[in-house]
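In what follows, a structure is listed as structure tokens, so that the remarks can point back to it.
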Amino acid sequence: MREQNTGPLHMAESTRQLLPGSNFPESQLRQPPPITLDDKIERCIGNFSWAQASSDTQFFQAALVSFSGVFDAQQTFITVFTDSEPKWHCTESHRIDSFCNSPTAADVCSLPGDAWSWDFSPTVSIISEWGLQCAGSFVVGLPASSFFVGCLIGGLILSTLADSSLGRKNMLFMSCLVMSLSSMLTAFSTNIWVYAVMRFVNGFGRATIGTCALVLSTELVGNKWRGRIGIMSFFGFMLGFLSLPIMAFINQGNSWRNLYLWTSIPTIIYSVLVRIFVRESPRWLLVKGRKEEAVSILQSIASPTDNNNGGRVNVSFSSLPFEQEPEGPNVNIYAAVKILVQKRWALRRLSAVMAVAFGIGLVYYGMPLALSNLNFNVYLSAAFNALMDLPANLITFFLVDKLSRKKALIGFTAMGGVSSLLIFIQHNLTLHNGASQLVLELVSYFSACSAFNMELIYTIELFPACVRNSAIAMARQALVLGGVFSPVMVAAGRRNVFWSYGLFGLIILVSGLFVIGLPETRGSVLCDTMDEEEYKERTQRRYDGVHDDEDDLLLA
């Protein structure tokens, strides 16, 4: 690491070190804040471009990147249909037998093998094709758990590559390609163990899609549009989730393998489009010292006219705020995570957003996985759940600039927790009304979706560009960790609903309280380095009259 200058003349350079090696002298902290890279980029791309005579319009770039959410959602929730237990009936010869009409007949494992039959071909689900209807809950839930474990490990291994060597675009391309190829190979699984391995690879590949898409799309536009553009990826995820019950209904009675083929082929085509048309983040390129590429992209995506003088925005080397030497080839790819852990203020923020994300993840993934436990049509239930993303996304889209990040997160997590607990209470009162349970389930899932949206936007604003992708990835890993536990809790909840809906409600209620100690970021300027973020927060704390001893956390 280069030795850092601490004199006043080197203030601008020192505030842009990726891994600062020394603290700010008190005299520097009293200086006016330096011009940020964000200010310069804002002048180039602040005027959002909707339509240009090329694929470089900001709207096209953001829409294409955000469309990855469609395929991400399909692979996340596809097991709701491929791994479900199909309906069955007593065979004609045993329909009048006492054991077929007894209360225990609700459990197919209590019947003789020749006394019952599947309503459709055994190939409609992995349960019927491989005879898993009487297998243990661990074996039946292994593919879904393997997927989320793959997401967890893939996120930990791959997430920092988008901040270090590969960048946002290449990581998005590689993730989509791995996800699509593994999904296609899953269709040729021969048993539950091969199937679980392919689901693990699928989860490993898709782990960084949501993170890269969100960060890349928001870094290609100005501050005014970053909140609304960030919501576009959520709309893509909603469309993907909504398409699943439609595809599953069309495929009703046919092989579960068709769903994997139908979702993998379009994803391969999309990966090629990303490779050809999507531009890399100019912010990331500048941080990595690749100034010529950054300037070229800024020129291509800038609005054709400048509102001030009616002319085209001119981006030149001199218009950028600093000269950044390229980083050496041996930069540790986990440097971003390391600095997040070493800086106490960053660790405090990261711990809080991860705690909130874990609670949200339990409900966000657990509610759809538990749909088969409700006394309601699974296709309609899944469609209604997917539609809950729409009001959640619309609320975030139109109110993102008006909602307090902290109050919104506390409110959404509280509403989700109460709704989930009401399902548990209703079940204990033996009020097994499928429609009312579905309504409460939809409210809880809607709350989790809204909290998820706000959580990611909040995380973007809490961390500077040099570690932003890694911070969001860690928050999403905590969300996925909730997904790892949710299938186990759903399985346990078939015998006692407290272990599913009861715990879902309690955990998300408590998790929302972790944001209380975080700063409010609505309307704040995005920072590019750790030093800039430290300077901004310390200045804000002094403005708010917080005791100076608290500032030691920012410089530790």
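Condition check ((1) touching a Phe, Trp or Tyr at 6+ places or on another chain (Cβ under 7 Å); (2) farther than 22 Å from Asn375 by Cβ) across all residues:
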{"position": "Val400", "(1), (2)": "no, yes"}
{"position": "Leu403", "(1), (2)": "no, yes"}
{"position": "Gly417", "(1), (2)": "no, yes"}
{"position": "Leu440", "(1), (2)": "no, no"}
{"position": "Ser450", "(1), (2)": "yes, yes"}
{"position": "Glu455", "(1), (2)": "no, yes"}
{"position": "Leu462", "(1), (2)": "no, yes"}
{"position": "Val490", "(1), (2)": "no, no"}
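Looking at region 516-526, is at least one residue among the aliphatic types (A, V, I, L, M) and part of a helix (DSSP H, G or I)? Within region 516-526, one or more residues are among the aliphatic types (A, V, I, L, M) and part of a helix (DSSP H, G or I). Restricted to region 289-404, the set of helices (runs of 4 or more DSSP H) holding at least 3 residues that are surrounded by 19 or more Cβ atoms within 10 Å (Cβ to Cβ), at pLDDT below 80 and not hydroxyl-bearing (Ser, Thr, Tyr) comprises 335-342.
Only one of the numbered conditions (1) over 14 Å from Phe358 (Cβ atoms); (2) surrounded by fewer than 24 Cβ atoms within 10 Å (Cβ to Cβ) is violated by Ile472, and that is (2).
Quick one: in region 516-536, of everything that is buried (at least 20 other Cβ atoms within 10 Å of the Cβ) and of a type in the set (Asp, Glu), which residue is nearest to the chain's Cα centre (by Cα)? This residue is Asp528. Residues in region 142-200 that are of a type in the set (S, T, N, Q) and within 17 Å of the chain's Cα centre (by Cα): Ser159, Thr160, Ser175. Just one residue in the set Ile276, Ile268 is without any contact (Cβ under 8 Å) to a residue 60 or more places away in the chain and farther than 26 Å from Thr396 by Cα; that residue is Ile276. Among the candidates Ser255, Ser264, Ser217, the residue that is under 18 Å from Ile460 (Cβ atoms) and of a type in the set (Ser, Thr, Tyr) is uniquely Ser217. Which condition from (1) under 29 Å from Val149 (Cβ atoms); (2) surrounded by fewer than 24 Cβ atoms within 10 Å (Cβ to Cβ); (3) modelled with pLDDT of 90 or more is the one that Met238 breaks? Tallying (1) under 29 Å from Val149 (Cβ atoms); (2) surrounded by fewer than 24 Cβ atoms within 10 Å (Cβ to Cβ); (3) modelled with pLDDT of 90 or more, Met238 fails exactly one: (3). Within region 483-515, being of a type in the set (Phe, Trp, Tyr) and surrounded by 21 or more Cβ atoms within 10 Å (Cβ to Cβ) holds for Tyr501, Phe504. Kindly indicate whether any position in region 220-232 is assigned to a helix (DSSP H, G or I), within 19 Å of the chain's Cα centre (by Cα) and closer than 19 Å to Met474 by Cα. Looking for residues that are assigned to a helix (DSSP H, G or I), within 19 Å of the chain's Cα centre (by Cα) and closer than 19 Å to Met474 by Cα, one finds at least one in region 220-232, hence yes.
Yes or no, residue by residue, for (1) in the same structural domain as Ile276 (by TED's automatic domain parsing); (2) without any contact (Cβ under 8 Å) to a residue 24 or more places away in the chain; (3) over 30 Å from Lys87 (Cβ atoms); (4) surrounded by fewer than 20 Cβ atoms within 10 Å (Cβ to Cβ):
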| residue | (1), (2), (3), (4) |
| --- | --- |
| Ala144 | yes, no, no, no |
| Ile153 | yes, no, yes, yes |
| Leu156 | yes, no, yes, yes |
| Ala162 | yes, no, yes, no |
| Gly167 | yes, no, yes, no |
| Met171 | yes, no, yes, no |
| Ser175 | yes, no, yes, no |
| Val178 | yes, no, yes, no |
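Cβ-Cβ below 7 Å, separation at least six or inter-chain, first residue in region 109-123 and over 13 Å from Lys87 (Cα atoms), second among the polar types (S, T, N, Q) and assigned to a helix (DSSP H, G or I): which pairs? Listed by first residue and then by second, the contacts come to Ser110/Thr104.
The values are calculated or read from the model by the stated rules, or taken from the named source; none is laboratory data. All values reported here derive from a predicted model rather than from experimental measurement. Backbone-built Cβ (ideal geometry, glycine too); neighbour counts: all protein chains shown.
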